[in-house]
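Read through the structure below, which is laid out as C-alpha cells, and then see the notes.
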Amino acid sequence: QVQLVESGGDVVQAGGSLRLSCAASGSILSINAMGWYRQAPEKQRELVATITRGGSTNYADSVKGRFTISRDNAKNTVYLQMNNLKPEDTAVYYCNANILDIVLTIWRNYWGQGTQVTVSS
C-alpha cells in the first residue's frame, strides 16, 4: 500500500513564505513525476507545479518566480517552497505522484490528504 503524507501548511501573512513537504511511503518500486495541486473554496483543483524524476519542472503562470518545486529521490519526497505569498494562494494543497507499486506492478497516480495554506492580507 502506498501513502503520500503532506506537511507544512499554515497561516501566514501576505509576503511571507512557507515550505510544503510530501513524503511517499509503502510498496514503492519507483516514482516518476511528482507534483503539487491546490483547490480553493468553490473552485476546481488546479496544477501548481510538477517535477520529473530527472528534475525537469513545470509551473502554473500564477506562481512562476515565487514558488520552487524540488525533490529528493532517495527520500521519496517532494517539496514546494512558496515565497511572496498572496491571499489568492489560499487553498488546500495536494501532493500527487506517479508510482510503480511493487505489489500491483502497475503505475498509478496517488494523492495525499491535503494541507491547508491560508494567506492573510
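For the range 107-119, what are the residues that are under 24 Å from residue 25 (Cβ atoms), in a strand (DSSP E or B) and not hydroxyl-bearing (Ser, Thr, Tyr)?
107, 108, 109, 111, 116, 117
For residue 120, which of the numbered conditions (1) touching a residue at least 24 places away in the same chain (Cβ under 8 Å); (2) surrounded by 14 or more Cβ atoms within 10 Å (Cβ to Cβ); (3) out of contact with any Gly (no Cβ under 8 Å at 6 or more places or on another chain) fails to hold?
The failed condition is (2).
Look at the range 10-42 and say how many of its residues are charged (D, E, K, R), touching a residue at least 40 places away in the same chain (Cβ under 8 Å) and outside any strand (DSSP E or B).
So the answer is 1.
Quick check on the range 41-50: of everything there that is more than 10 Å from the chain's Cα centre (by Cα) and not polar (S, T, N, Q), which residue is surrounded by the most Cβ atoms within 10 Å (Cβ to Cβ)?
Here the residue is 45.
List pairs: first in the range 86-114 and without any contact (Cβ under 8 Å) to a residue 40 or more places away in the chain and among the polar types (S, T, N, Q), second open to solvent by 20 Å² or more (accessible area, probe 1.4 Å) and part of a strand (DSSP E or B), Cβ under 7 Å, 6+ apart or cross-chain?
What qualifies is 109/98.
Given the condition farther than 18 Å from residue 111 by Cα and open to solvent by 60 Å² or more (accessible area, probe 1.4 Å), answer yes or no: does some residue in the range 31-40 qualify?
Checked the range 31-40: no residue is farther than 18 Å from residue 111 by Cα and open to solvent by 60 Å² or more (accessible area, probe 1.4 Å).
The values are calculated or read from the model by the stated rules, or taken from the named source; none is laboratory data. Remember, it's a predicted structure, so these values are computed and weren't measured experimentally. Here Cβ is always computed from backbone atoms with ideal geometry, including for glycine, and neighbour counts include all displayed protein chains. Areas reflect the complete protein model, heavy atoms only, side chains present, ligands, DNA and RNA absent. Shrake-Rupley method; radii C 1.70, N 1.55, O 1.52, S 1.80 Å.
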